[in-house]
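All remarks here apply to the structure that follows.
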Amino acid sequence: MAEAPRYKTIWLVLAFLVMIFGCGLVGVHGWVDAVAARYGASVATTRERVHSNRLVVELSRHGQQPWNAPIEEAMYVDYDDVPQVMREAILTSEDSWFFYHMGFNPVAIGKALLSQFGDDPRGGSTITQQIAKQVYVGSRRDFRRKFDELAIALWLEWHFSKQELLELYFNTPFMGHNTKGIEAAARYYFGYSFKRERAQTVAFTPDMAASLAVTIKNPTAGNPAKPRNLREARRLLLAMGIEPAVLTAKAVADETLPRRFAAHAFVKDRRLSDQFGSARDLAVARLERKLHGHEGSLDVVTFYASETQLYLETAIEKYYPPIRRAGYDRLTAVVVDNATGGIQAIVAPPDATLYPGSTVKPLLALCALVEKGYTAQSRVEDVAIGVPPVRNGDRRYLGRISFEQAMAASRNPPFVEMMRRFGRPCANAMMKRMDTGFRFQGGRDRSLALGAEPVALMDLLDAYVTIATCGRVSNGPLILKEARERGSQKVVLEEKAKSLSKDTRLVAGFDALHEMLQATTGPTGTANGSRFVNDVAAKTGTSDENRQITLITFTRAHTVLVSAGASDPGKLKRHLSSHALVKMVRNVNANIHGGKDPGPLGCGPGVVVAGR
């Protein structure tokens, strides 16, 4: 009977310890959630930041010299596309206990602390902690950051599987020479892509895997273009139990080995970062405008997508040479994601202008469609008007035709007459309702109706993206997604697509334009041949004296503009029409859509255009 009080005491102690443990768990959970909320952590934000390229901008230094702003260019790769030897090399080098810990490794932290008193100081961060640092916490040196890093690491472990975390890590670290993640690094150093759908000209080896894995620790002085990297890679291979094929003891002693082993890194053209220039310059220009006077460095995330830019550059390389030989020496090209309004690829200076030609006709047509009772089937007159007479490109007149036919065949007299009858105020009132900066201004009505006056590239694109998205994106095209202070990772700028206020009549006008511009890609349209799927809308534009030719297309997914201009029209060897751009734009569209049909155009159910 005397034993009973003792057992009772034991149970009370155990209950007390369980209660303390439970309170501790609740406290830890609350702490983690509070830190995550402070950094704005979410599953969507994590994925978005990992997928994005990064630009480091210090406005006081780079505002007038954007070409000096450091770049980290990313090419996202899925877990399943990464070979087993690459995964094992990274785990062995960075975090061999990754699949067994909960986000931090007390043993590794202890060893790291002890190493600080020796000749070879090391870090104790796990892969999860490194993701937390790269994506949210930043690199400022203080104890609070380390605790925040730990909290975010725990949050990541709670919200992602180990496989998902490893995939994020493959795409997170800076890998030297303006590359971010192992896919961009493999392409830069070895000319190899992990992506299965890409044809390979290089075989991936364990030596390459080890070289990439050890780059993570020292991407600047220890990347595959440096002898030090190859010595470290050899040690890693031996630790993995793999006999090096190229990185033998004799080979790594040769200081010239990197030029043979990572020969692709020493090629001067086709580097990813070389193609980021236009996007970088535009991003810095807009940062300067929005955050003028900001002190300190910024981590800047843009909408730019390396894969899309490569598709654009490849199409230009293939189809532009004959256009250039004809005398069109200035090329402008932009790809916009209609879901976000973000620029995914661009070849143009920040302040680019162009002579739009007939690409202004859909903008002028909105006045007639929205305010004057016109429909796609309304009759218009394609006849000689004015002195001298307004002519068409084919020197013919079609007489009385439908509004849709006039748009598809890009007939000039109906639109000059429309400008004469309705005037600029009506056309510009539509632009104001669209919340776009584009305006019909600066010349005679006839010139404005035919796009003979220069306009800002971004204003023209803004109007087209608004039409293409039925007003869901009214503030595009965007380039800046987010800017964060480099040390604290505090968000100081964030841009997202904004939709128009409800305007049923205006959206009905957009819907009519979708149908009319699809006819432009049909058999009798000036953009015939542009369709890579059924629903592709387009508008061509050829300015006075054929000095500039332009083609704009849109689907549900993307808006693409390509324009070629002659800096000296008098030196043109051949006068081309905008149809010369069709093959290039079709190639870009087919690749950026990945062989998928983005779906039907139109502004959805409930939109009714009278008379159709």
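The values are calculated or read from the model by the stated rules, or taken from the named source; none is laboratory data. Note that the structure is a prediction, hence the values are computed from the model and not measured. With ideal geometry, Cβ positions are generated from the backbone for all residues, glycine too; neighbour counts draw on all protein chains shown. Quick note on the areas: whole protein, heavy atoms, side chains included, nothing else; ligands and nucleic acids left out. Shrake-Rupley method; radii C 1.70, N 1.55, O 1.52, S 1.80 Å.
Give the shape of region 407-527 as rounded, prolate or oblate, defined through the alpha-carbon gyration tensor: a ≥ b ≥ c are the square roots of its eigenvalues, a/c under 1.5 means rounded, and otherwise the shape is prolate if a/b is larger than b/c and oblate if not.
On the way: a/c = 2.22, a/b = 1.89, b/c = 1.17.
Because a/c hits 1.5 or more and a/b exceeds b/c, region 407-527 counts as prolate.
Rounding to the nearest 20 debye, state how big the charge dipole of region 310-365 is about its Cα centre with +1 on each Lys and Arg Cβ and -1 on each Asp and Glu Cβ.
Rounded to the nearest 20 debye, it is 260 debye.
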Among THR540, THR308, GLY487, the residue whose Cα sits farthest towards the positive end of the charge dipole of the chain, when +1 is placed on the Cβ of each Lys and Arg and -1 on the Cβ of each Asp and Glu, is THR540
Spatial separation of Cα centroids for region 349-372 and region 459-498, in angstrom: 21
How much length would be gained if the chain were fully extended between PHE99 and VAL267, taking 0.36 nm per residue of separation minus their Cα-Cα distance, in nm to one decimal? 56.6 nm
Three-way shape label, region 350-404, alpha-carbon gyration tensor, a/c 1.5: oblate
Determine the sum of side-chain charges near LEU500: Lys and Arg each +1, Asp and Glu each -1, restricted to other residues whose C-beta is under 13 angstrom from that of LEU500. +3
Counting Lys and Arg as +1 and Asp and Glu as -1, what is the net charge of the other residues whose Cβ lies under 13 Å from the Cβ of ALA44? +2
Please work out how much accessible surface TYR192 shows to a 1.4 Å probe, ignoring ligands, DNA and RNA, in Å² rounded to 10. 30
The ratio Rg/Rh over the Cα atoms of region 501-565, Rh being the Kirkwood inverse mean 1/r radius, stands at 1.04
Rounding to the nearest 10 and keeping the result within 0 to 90°, find how far the Cα-based axis of helix 227-239 lies from the longest principal axis of the chain. 60
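Report, as a whole number in µm² per second, the diffusion coefficient that Stokes-Einstein gives for region 351-449 at 20 °C and 1.002 mPa s using the Kirkwood radius over alpha carbon pairs.
Details: Rh = 13.9 Å.
Approximately 154 µm²/s, per Stokes-Einstein.
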Long-range amide H contacts for VAL492: which residues qualify at under 5 Å (H placed 1.01 Å from N, peptide plane, sequence gap of 5 or more or a different chain)? ALA483, ARG484, GLU485
Going Cα to Cα from LYS180, which aspartates and glutamates come in below 18 Å? Please leave out same-chain ones fewer than 8 positions away. GLU48, GLU72, GLU73, ASP78, ASP81, GLU94, GLU164, GLU167, ASP274, ASP299, GLU307, GLU482
Report, ordered by chain and residue number, the aspartates and glutamates lying within cross-link reach of LYS226, taken as a straight Cα distance under 13 Å and ignoring same-chain residues fewer than 8 apart. ASP254, GLU255
Heavy atoms of TYR397 accessible to a 1.4 Å probe, total area in Å² rounded to 10: 90
Quick one: Cα centre-to-centre distance for region 311-330 and region 539-558, in angstrom? 15
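Would you work out the relative contact order for the chain, in percent, from Cα pairs under 8 angstrom that are 6 or more residues apart?
Across the chain, relative contact order equals 14 percent.
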How far apart, in nm, are the 7 Å Cα→Cβ label points at SER139 and GLN200? 3.2
Alpha-carbon centroid distance for the pair region 130-153 / region 237-266, whole angstrom: 34
Of the listed links LYS361/LYS498; LYS361/LYS596; LYS290/LYS496; LYS162/LYS195, those spanning more than 19 angstrom between alpha carbons are LYS361/LYS498; LYS361/LYS596; LYS162/LYS195
In degrees between 0 and 90, to the nearest 10, how far off the longest principal axis of the chain does helix 413-433 point, with axes built from Cα atoms? 40
Considering only protein heavy atoms, what per residue accessible area in square angstrom results for region 350-479 with a 1.4 angstrom probe? 38
Given the protein chains as shown and a 1.4 Å probe, how many square angstrom of TRP31 are accessible, to the nearest 10? 90
Treating only Lys and Arg (+1) and Asp and Glu (-1) as charged, each at its beta carbon, one finds that the chain has a dipole about its Cα centre, in Debye to the nearest 20, of 1180
Based on the alpha-carbon gyration tensor of region 454-612 and its eigenvalue square roots a ≥ b ≥ c, which shape applies: rounded if a/c is under 1.5, prolate if not and a/b is larger than b/c, or oblate? oblate
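Within a Cβ distance under 14 Å of ARG324, other residues only, what is the Lys/Arg minus Asp/Glu net charge?
+3
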Accessible area of region 414-475 belonging to carbon and sulfur atoms, whole % at 1.4 Å probe: 46
Give, rounded to the nearest 20 debye, the magnitude of the charge dipole that region 136-250 has about its Cα centre when Lys and Arg contribute +1 at Cβ and Asp and Glu contribute -1 at Cβ. 460
Past the 47 angstrom mark, what percentage of all C-alpha to C-alpha distances in the chain do you count? 28
If DNA, RNA and ligands are ignored and the probe is 1.4 Å, what is the ranking of TYR189, TYR39 by accessible area, most exposed first? TYR39, TYR189
Hey, what number do you get for the chain at 222 nm if only DSSP H runs of n ≥ 4 count, each worth -39500 (n - 2.57), divided across all residues, to the nearest 500? -13000 deg cm²/dmol
Would you rank LEU572, LEU55 by solvent-accessible area, highest first, keeping every protein chain in place and using a 1.4 Å probe? LEU572, LEU55
Give the residue list of GluC sites (Glu not before Pro) in region 166-233 that are DSSP loop and have at most 14 other beta-carbon atoms within 10 angstrom. GLU197
In the chain, taking the dipole from +1 charges on Lys and Arg beta carbons and -1 charges on Asp and Glu beta carbons about the Cα centre, the listed residue (ILE343, MET407, TRP158) farthest towards the positive end is MET407
Considering only MET240, ALA262, PRO173, whose Cα is most displaced toward the positive end of the charge dipole of region 117-263, charges sitting on Cβ of Lys, Arg (+1) and Asp, Glu (-1)? ALA262
Among ARG234, ARG574, what's the order by accessible area (1.4 angstrom probe), most exposed first? ARG574, ARG234
